[in-house]
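Participant: Structure in structure tokens, see below.
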Amino acid sequence: MAIVKLTPIFLLAGLMISGMDLVMAAPLATIYAGLVAGFTEKHRYDEIMENGFKAVKEMILVFFILMFAYAVAETFMATGVGASIIIISLKLGVTAKTVAVVGFAVTSLLSIATGTSWGTFASCAPVFLWLNHIVGGNILLTTAAIAGGSCFGDNIGLISDTTVVSSGLQKVTVTDRVRHQGVWSGLVLLVSGIIIYLVSLSMGLPNTVGSAAEAINSIPVDVFERLAEVRPAAVTLLEQVKSGVPYYMVIPMFLVIAIAFKGVPTMICLGIGIISALIFGLAAGTVQSLNSFLELVQAGFESAGSWSVVMMLWIGAFGGIMSSIKAFEPISKFVLKISKSVKQLMFYNGVLCLIGNAALADEMAQIVTIGPIIKEMTDENVEASEEDMYKLRLRNSAFSDAMGVFGSQLIPWHCYMGFYVAICMAVYPLHEFNALDIIKYNYMAIVAVASMLILTLTGFDRFIPLFKLPSEPQVSLKKEKQAIY
């Protein structure tokens, strides 16, 4: 029966690996999970529905935040906030030896501003792959650098859907999560940037200087047309980079980041980001009217509703049904059996997230499926004060997100990698891309995944401000190591 209860996971993973979109795979897996619940636990139809709806109800606030997050992303992309980041960075001058690290820095900033790794990569790949071509850089190093940088804001960005969802499922605020991992994330960014630069130097690349205008002009018309279909906002951003926007358009991004670190509630942070983009956009001329700006906000709401919210509704129901039949009890018992301390339990929580991401081939599926498992394993099997339990939940949230977003960069069959390869082939058809070639140069993903797991297991996280987990005897595993779902 334990194996039968896990078969919905195998079905979901199989559908995702086969290439089916999660919006379709999730309903099929949810329906099958309901059938399994009826067969194994004799649950009635109304019980199955209630168990699914119960999990969805807890995500209502997340849905509102997600809609605002998508609206911020859309306005930042269209009003010139994203373009200003690229322009300022490129003004410093780019050569073959620096194009990868500059692309890494730009995508890291842009991903924080937009909250989307997919959108950031789609927007920056045309610029930096062709700029790399002009200056004679290493195409794989540059591609991997902007792939890793694009994930930075998706892991820590206030408006990132994965940050919002992973925090919500662990019952922690987004701003607390950002502060908890902020220093660690900054160090990962710094170390990865240094590695990328040193690798660039070791390749003996030339010192030819290039420009964004040349890179954009080198993009074929058919590639532009295809990009317009896949990501219209990317075309707008590229046109703004080419024509130029005022430097002060970068201010909305820094406003959002600054007030987030001050602990201001998420919805207020997002609202300030939208309003500031409108004000500065009107001053810069990138916003023509209030109505056109509201259309951007509406487009953001629609984008969230057309995929993310729909997908999360089904995945939430799937997770609720799976939890109701205690499908993950064998896994939790095994983890608890081999865990000799709280820090070991937390380490295995991270490993479980990574394994779940590889199995499901989608970071959001992993977050909403494995997230509740590690939450319950921690809540029900650790003795600690409420303050210390909150710190553990913060780490679980960081695990879900980091192992999902950065972990995806190390899984060849992951939907992320499929998207990246497709974008690269579309915007730069001069090279035959494949996932493994990109993965071996993605130092950001390697450093992020390895460091978070190692720091947690060894307890060396105590040397990083705000990242330290409470240790024994402040916290301890309960005497009876049995997971409760």
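Participant: Right, residue 461: among the acidic types (Asp, Glu) and under 21 Å from the mean Cα position of the chain (by Cα) or not? Give the steps one after another, and end with the answer.
Facilitator: Numbers: among the acidic types (Asp, Glu): yes; under 21 Å from the mean Cα position of the chain (by Cα): no.
Answer is no for this residue.
Participant: Go through (1) open to solvent by less than 40 Å² (accessible area, probe 1.4 Å); (2) of a type in the set (Ser, Thr, Tyr); (3) more than 23 Å from the chain's Cα centre (by Cα) one by one and return the number of the condition residue 45 breaks.
Facilitator: Going through the list (1) open to solvent by less than 40 Å² (accessible area, probe 1.4 Å); (2) of a type in the set (Ser, Thr, Tyr); (3) more than 23 Å from the chain's Cα centre (by Cα), residue 45 breaks only (1).
Participant: Shifting gears a bit: For residue 352, only one of the following conditions fails: (1) in contact with a helix residue (DSSP H, G or I) (Cβ under 7 Å, 6 or more places away or on another chain); (2) more than 20 Å from residue 406 (Cβ to Cβ). What is its number?
Facilitator: Evaluating residue 352 over (1) in contact with a helix residue (DSSP H, G or I) (Cβ under 7 Å, 6 or more places away or on another chain); (2) more than 20 Å from residue 406 (Cβ to Cβ) leaves (2) as the failure.
Participant: If you scan segment 30-42, which residues turn out to be open to solvent by 20 Å² or more (accessible area, probe 1.4 Å), in a helix (DSSP H, G or I) and either among the hydroxyl-bearing types (Ser, Thr, Tyr) or in contact (Cβ under 8 Å) with a residue 12 or more places away in the chain (or both)?
Facilitator: Hits for segment 30-42 are 32, 39, 40.
Participant: Restricting segment 77-121 to residues that are without any contact (Cβ under 8 Å) to a residue 40 or more places away in the chain, over 20 Å from the mean Cα position of the chain (by Cα) and assigned to a helix (DSSP H, G or I), which is surrounded by the most Cβ atoms within 10 Å (Cβ to Cβ)?
Facilitator: Filtering first and then ranking leaves 102.
Participant: For a quick check of your reading of the model, give me the residue pairs whose first member lies in segment 187-213 and is open to solvent by 80 Å² or more (accessible area, probe 1.4 Å), whose second is not small (Gly, Ala, Ser), with beta-carbon atoms closer than 6 Å and at least 6 apart or on different chains.
Facilitator: Final answer for the pair search is 197/101; 207/95; 209/95.
Participant: Could you check segment 353-387 and list, in sequence order, the residues that are charged (D, E, K, R), part of a helix (DSSP H, G or I) and under 23 Å from residue 322 (Cα atoms)?
Facilitator: 363, 375, 376, 379, 380
Participant: Let me ask another. Does residue 294 count as surrounded by fewer than 17 Cβ atoms within 10 Å (Cβ to Cβ), at pLDDT 85 or above and not acidic (Asp, Glu)?
Facilitator: Taking the combined requirement at face value, the residue satisfies it.
Participant: Scanning segment 20-29 for residues that are open to solvent by 10 Å² or more (accessible area, probe 1.4 Å) and touching a residue at least 24 places away in the same chain (Cβ under 8 Å), which turns out nearest to residue 327 (Cα to Cα)?
Facilitator: 27
Participant: Could you count how many residues in segment 373-392 are closer than 16 Å to residue 348 by Cα and within 25 Å of the chain's Cα centre (by Cα)?
Facilitator: Total satisfying the criteria: 8.
Participant: From the residues in segment 310-342 that are among the polar types (S, T, N, Q) and open to solvent by less than 10 Å² (accessible area, probe 1.4 Å), which one is farthest from the chain's Cα centre (by Cα)? Spell out how you get there, then give the answer.
Facilitator: Taking segment 310-342 and keeping what is among the polar types (S, T, N, Q), we get 323-324, 332, 339, 341.
Retained after the next criterion (residues that are open to solvent by less than 10 Å² (accessible area, probe 1.4 Å)): 332, 339.
Working: 332: 25, 339: 28 Å.
Restricting to residues being among the polar types (S, T, N, Q) and open to solvent by less than 10 Å² (accessible area, probe 1.4 Å), the top hit is 339.
Participant: Would you be able to say whether some residue in segment 175-183 is open to solvent by less than 10 Å² (accessible area, probe 1.4 Å) and farther than 18 Å from residue 259 by Cα?
Facilitator: No, the conditions are met nowhere in segment 175-183.
Participant: Would you check if residue 133 is closer than 21 Å to residue 466 by Cα and touching a Leu at 6+ places or on another chain (Cβ under 9 Å)?
Facilitator: Values: closer than 21 Å to residue 466 by Cα: no; touching a Leu at 6+ places or on another chain (Cβ under 9 Å): yes.
So residue 133 fails the test.
Participant: List the pairs whose first member sits in segment 388-407 and is part of a helix (DSSP H, G or I), whose second member is of a type in the set (Asp, Glu) and open to solvent by less than 10 Å² (accessible area, probe 1.4 Å), and whose Cβ atoms are under 6 Å apart, counting only residues at least 6 apart or on separate chains?
Facilitator: Qualifying pairs under 6 Å: 405/154.
Participant: How many residues are surrounded by 15 or more Cβ atoms within 10 Å (Cβ to Cβ) and either without any contact (Cβ under 8 Å) to a residue 24 or more places away in the chain or in a loop (DSSP other than H, G, I, E, B) (or both) when one looks only at segment 437-465?
Facilitator: Selection size over segment 437-465: 3.
The values are calculated or read from the model by the stated rules, or taken from the named source; none is laboratory data. Model, not experiment: these values are computed from the prediction. Here Cβ is always computed from backbone atoms with ideal geometry, including for glycine, and neighbour counts include all displayed protein chains. All accessible areas refer to the heavy atoms of the entire protein, side chains included, with ligands and DNA or RNA removed. Shrake-Rupley method; radii C 1.70, N 1.55, O 1.52, S 1.80 Å.
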